[in-house]
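Notes follow once the structure below has been shown.
The values are calculated or read from the model by the stated rules, or taken from the named source; none is laboratory data. What you see is a predicted model, and the numbers here were worked out from it, not measured in a lab. All Cβ positions, even for glycine, are placed from backbone atoms using ideal geometry, and neighbour counts span all protein chains on display.
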């Protein structure tokens, strides 16, 4: 960027945590966001923050409650991951190994792969 160019990237929402802010900045750096993508990105980032908190709760408290039932955090994390896949589909960002699909393409499966990479990267200390 030259001295006369202006940085027009949108700022991340103030309420984002570490996981959401990191993802927001990475996406905003690489892609031009439109009127539809920016709010969707904000929701993706908030969902990533929620997942990070839920994953921390599961690590702290375990997958099963003292009563022998699945932890509510595990159940909610599963629901949040499903939401994340749908939100990533709205963003329709290309991945490293493929291009944007044509109309009627495979946006959901591509978004699922991206969600899985995000999950595994966060679990292994990569962001």
*Kindly indicate whether residue 33 is under 14 Å from residue 81 (Cβ atoms), touching a helix residue (DSSP H, G or I) at 6+ places or on another chain (Cβ under 9 Å) and either in a loop (DSSP other than H, G, I, E, B) or at pLDDT 95 or above (or both).*
no
_It is to be established whether one or more residues within the stretch 41-57 are modelled with pLDDT of 90 or more, farther than 17 Å from residue 17 by Cβ and part of a helix (DSSP H, G or I)._
no
*Does residue 48 qualify as being buried (at least 19 other Cβ atoms within 10 Å of the Cβ), closer than 17 Å to residue 87 by Cα, in contact with a helix residue (DSSP H, G or I) (Cβ under 7 Å, 6 or more places away or on another chain) and touching a residue at least 60 places away in the same chain (Cβ under 8 Å)?*
yes
*With the condition kept exactly as written, say whether any residue in the stretch 90-103 is under 19 Å from residue 31 (Cα atoms), modelled with pLDDT of 60 or more and assigned to a helix (DSSP H, G or I).*
yes
*Which numbered condition trips up residue 28, out of (1) at pLDDT 95 or above; (2) in a helix (DSSP H, G or I)?*
(1)
*Filter the stretch 1-25 for residues that are surrounded by 11 or more Cβ atoms within 10 Å (Cβ to Cβ) and not in a helix (DSSP H, G or I); which is modelled with the lowest pLDDT?*
9
